[in-house]
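Participant: Below: one structure in structure tokens.
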Amino acid sequence: MGDLMVDIKEVVIVSGKGGTGKTTLAGALVNLMEDKIIADCDVDAANLHIIVTPEKVMTQKDFTGGKKASIDLKRCTQCNICRDICKYDAITKDYIVDKVLCEGCGACYFLCPARAVEFTPSLSGYCYTCSTTHKEIFVYAELLPGEENSGKLVATVRNMAREEAQKANKKLILIDGPPGIGCPVISSLTGTHLALIVTEPTPSGFHDLKRVVELAHHFQIKTAIVVNKGDINIKYVDDMKKYCYDNGIIYIGEIPYETKITEAQRNMKTILEFDPDCHASMAIKEIHKRLQSILEEI
Amino acid sequence: MRIVFASGKGGTGKTTIAVNFAFFLAYSQQKVQYLDCDVEEPNGHIFLKPKIDERLPVKVMIPVINQEVCTYCGECSRHCQFNALVTLPNNVLLFPELCHGCGLCLRICPACAITEGEREIGYIEKGMALMGIEFVSGLLNIGEPMAGPVIQQVKHHYNNDCVQIIDAPPGTSCPVVKTIIDADCVVMVTEPTPFALHDLKIAVSVAQTLGKQIGILINRENGEFKPLKEYLLENNLPVLATIPEDREIARVYSEGSLLMERLPLYKYNFIELSENIKKLFGQRTYG
């Protein structure tokens, strides 16, 4: 497996702050980049499938992230041991396990003297492999509302994407990532070849950008930056350019504020399909060219 | 009263609404506490400009293995559901980032070789912000995967004499559950786009599962978006307030300023929000 993997490059789009335009850029890059597998790793709020339409679902897999406890009240002697040891306060005084609070550690299961606890795998989401209207393979997932283990589900999506890439002999996996810096982001970033970070020229955008850059560098991942809504505050764009220069980050360019992006989304289209000649589309085409040359050097 | 601002999709304006609403209430002579539970990327401090006078570490329990007593029997790693322990022929390795601090290994070890230790994964900042708003924010250390314990720690600082405004993280998974689980009311900040609607539906179902009162705030309103309107009608979800799409708001935000100070006409939107939240509870005050 190792040797075959060498040739596949993985590019992940992240942002730190939510709503900066990850999926908008990912959708446009789906139109521009060739010879690839598409993966959506924002598993608790996946959106790429809204604009990159999956025409046919080829496989749907259940995802069981971990186990959950439940108590058989007929066997339970109400000794209270489980309630004492549960660190998550997941067991009520009537000995009912709250499925939302249970983290699936199994302490109650292993330590119940009456063996009254059952500990069974619980369904926590679904994984899909689809083919798009352009006959490309697109892997995405849905975590059930409020579930844990989003990091594990991300890993599952990435493994499925790699398998598809090997089968179809594709050289690139384009990943739309989640916001934040926690477990699903770490799981989306590790082992990729480039983190393409989409930010916006605001204090929040900049604050969150620095944290996600630090995270990527912590895992030794090369970083490149795109500033969306670049014309909202030019001062921040200059600060961000300087920050990139000082920290060895590739500054790719800006996308202007564009109301057509919302219109495109409402029409279930990527901005490039909706209006290939608008300012945002033109800017993204330039970004794509820079990205291609960066990828060739990796 | 404890009011959470959540959304599902990121970037719909949770923080903008939460900080301006906190400011509005404080301006209206309410005692207000703002708590930032978006511990991966907290932004409330940018707008509320707190003077931080306390910084408290967030620690989680991890096992400490006494290698002199350990028999390398492997019981701890066999039982650990998070693969945080690996037993080798003459060593036990701990992967601290994977540990959930459940303490099962301590109890299961036949040689009693494991004791409780602790590890810092983030910190809490407390202070006084603009208009006398009490400010609490959690920060997850970079490289740490688990936001949950930091969110829980933020909540140890609730001041129940205040109206509590809580800024939630984006998404719909466990950090969001931990944030809204003890709320009185969840305001879902959404925008009239297919992405936001898709994620709103998931977030609403999380809040409904937890039995919460839910109200909607439509941000960046820009002509009618039928699918949203239909969804809200079908599910009987009340719209508490609407904020229009306005490039001036984006500009004020990009300068780290409050709408309440720079675009005071928007005060009326927050009056509406406040009145409608009270109505949701059939109350006249936040008492």
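Only the coordinates and a few stated rules stand behind these numbers; no lab work does. Everything numeric in this text was worked out from a predicted model, so none of it was measured. Positions of Cβ are generated from backbone atoms using ideal geometry, with glycine treated the same way; all protein chains shown enter the neighbour counts.
Participant: Lone cysteines in chain A, defined as no other cysteine's Cβ under 4.7 Å from theirs: which are they?
Facilitator: Isolated Cys, chain A: A:41, A:76, A:79, A:86, A:102, A:112, A:127, A:130, A:183, A:244, A:278.
Participant: Could you tell me the largest-minus-smallest coordinate of the C-alpha atoms of region B:37-130 on each of the three principal axes, in descending order and whole angstroms?
Facilitator: Cα extents, longest axis first: 57, 20, 19 Å.
Participant: Here's another thing I want to ask about it. Long-range amide H contacts for residue B:220: which residues qualify at under 5 Å (H placed 1.01 Å from N, peptide plane, sequence gap of 5 or more or a different chain)?
Facilitator: For residue B:220, whose amide H was placed from the backbone, the distant partners under 5 Å are B:243, B:245.
Participant: Here is a further query. Quick one: B:173, A:122, B:257, fewest Cβ neighbours within 10 Å first, how do they rank?
Facilitator: Exposure proxy ranking, most exposed first: B:257, A:122, B:173.
Participant: Next question. Among bridges DSSP assigns within the protein assembly as shown, what percent are antiparallel (round to 5)?
Facilitator: 45 percent
Participant: Please express the shape of the protein assembly as shown as an equivalent ellipsoid: the semi-axes are the square roots of 5 times the eigenvalues of the C-alpha gyration tensor, given largest first in whole angstrom.
Facilitator: Ellipsoid semi-axes (Å, largest first): 36, 32, 23.
Participant: Please report the relative contact order for chain B, taking Cα pairs under 8 Å with a sequence separation of at least 6, and give it as a percent rounded to a whole number.
Facilitator: That works out to 26 percent.
Participant: Let me ask something additional. Report the rotationally averaged projected area of region A:66-123 based on its alpha-carbon convex hull, in square nanometres.
Facilitator: Here the figure is 3.5 nm², rounded to one decimal.
Participant: Of all trypsin sites (Lys or Arg not before Pro) in region B:196-287, which ones are in loop regions per DSSP and have a Cβ with at most 14 other Cβ atoms within 10 Å?
Facilitator: Of the trypsin sites (Lys or Arg not before Pro), the ones in loops of region B:196-287 whose Cβ has at most 14 other Cβ atoms within 10 Å are B:284.
Participant: For chain B, place one equal point scatterer on every Cα, skip the solvent, and apply the Debye formula. What is log10 of I(q)/I(0) at q = 0.07, 0.15, 0.16 Å⁻¹?
Facilitator: Log-scaled intensity ratios, in q order: -0.32, -1.06, -1.17.
Participant: Given the pairs A:67/A:93; A:67/A:87; A:9/A:36; A:68/B:201, which span a C-alpha to C-alpha distance of over 18 angstrom in this model?
Facilitator: Over 18 Å apart, Cα to Cα: A:67/A:93; A:68/B:201.
Participant: With r defined as the distance between the Cβ atoms of residue A:235 and residue A:101 and R0 fixed at 30 Å, what FRET efficiency is calculated, to the nearest 0.05?
Facilitator: With a Förster radius of 30 Å, E is 0.10.
Participant: Within 10 Å of each residue's Cβ, count the other Cβ atoms and sort B:107, A:211 from fewest upward.
Facilitator: B:107, A:211
Participant: Taking amide H positions as placed 1.01 Å from N in the peptide plane, with prolines and chain starts having none, which residues 5 or more places from residue A:9, or on another chain, fall under 5 Å of its amide H?
Facilitator: A:172, A:173
Participant: For region A:111-116, what does the Karplus curve 6.51 cos²θ - 1.76 cosθ + 1.60, with θ = phi - 60°, yield as ³J(HN,Hα) per residue in whole Hz, taken in order and with x for Gly and Pro?
Facilitator: Result, ordered by residue: 9, 5, x, 8, 6, 9 Hz.
Participant: Quote the charge dipole size of region B:61-120 about the Cα centre in Debye, to the nearest 20; the model charges only the Cβ of Lys and Arg (+1) and of Asp and Glu (-1).
Facilitator: Here region B:61-120 has a charge dipole of around 200 debye.
Participant: So which cysteines of chain B have no other cysteine's Cβ under 4.7 Å from theirs?
Facilitator: Within chain B, the cysteines lacking a partner Cβ under 4.7 Å are B:37, B:70, B:73, B:80, B:99, B:109, B:112, B:162, B:174, B:185.
Participant: Arranged by the count of other C-beta atoms within 10 angstrom, fewest first, what order do B:34, A:95 take?
Facilitator: Sorted ascending by nearby Cβ count, the order is A:95, B:34.
Participant: Using a Förster distance of 22 angstrom, determine the FRET efficiency expected from the C-beta separation of residue B:272 and residue B:213, and round it to 0.05.
Facilitator: 0.80
Participant: Which log10 I(q)/I(0) values, to two decimals, does chain A give at q = 0.10, 0.14 Å⁻¹ under the Debye formula with one point per Cα?
Facilitator: Values, matching the q order: -0.61, -0.99.
Participant: Residue by residue through region B:178-187, which ³J(HN,Hα) values in whole Hz follow from phi under the Karplus form 6.51 cos²θ - 1.76 cosθ + 1.60 (θ = phi - 60°), with glycine and proline marked x?
Facilitator: 4, 6, 9, 4, 10, 7, 8, 7, 10, 9
Participant: Now, a different point. On a C-alpha basis, how far is the centre of region B:211-287 from the centre of region A:62-122 in Å? Whole number, if you could?
Facilitator: 41 Å
Participant: For region B:8-71, which GluC sites (Glu not before Pro) are in a loop by DSSP, counting at most 11 other Cβ atoms within 10 Å?
Facilitator: B:68
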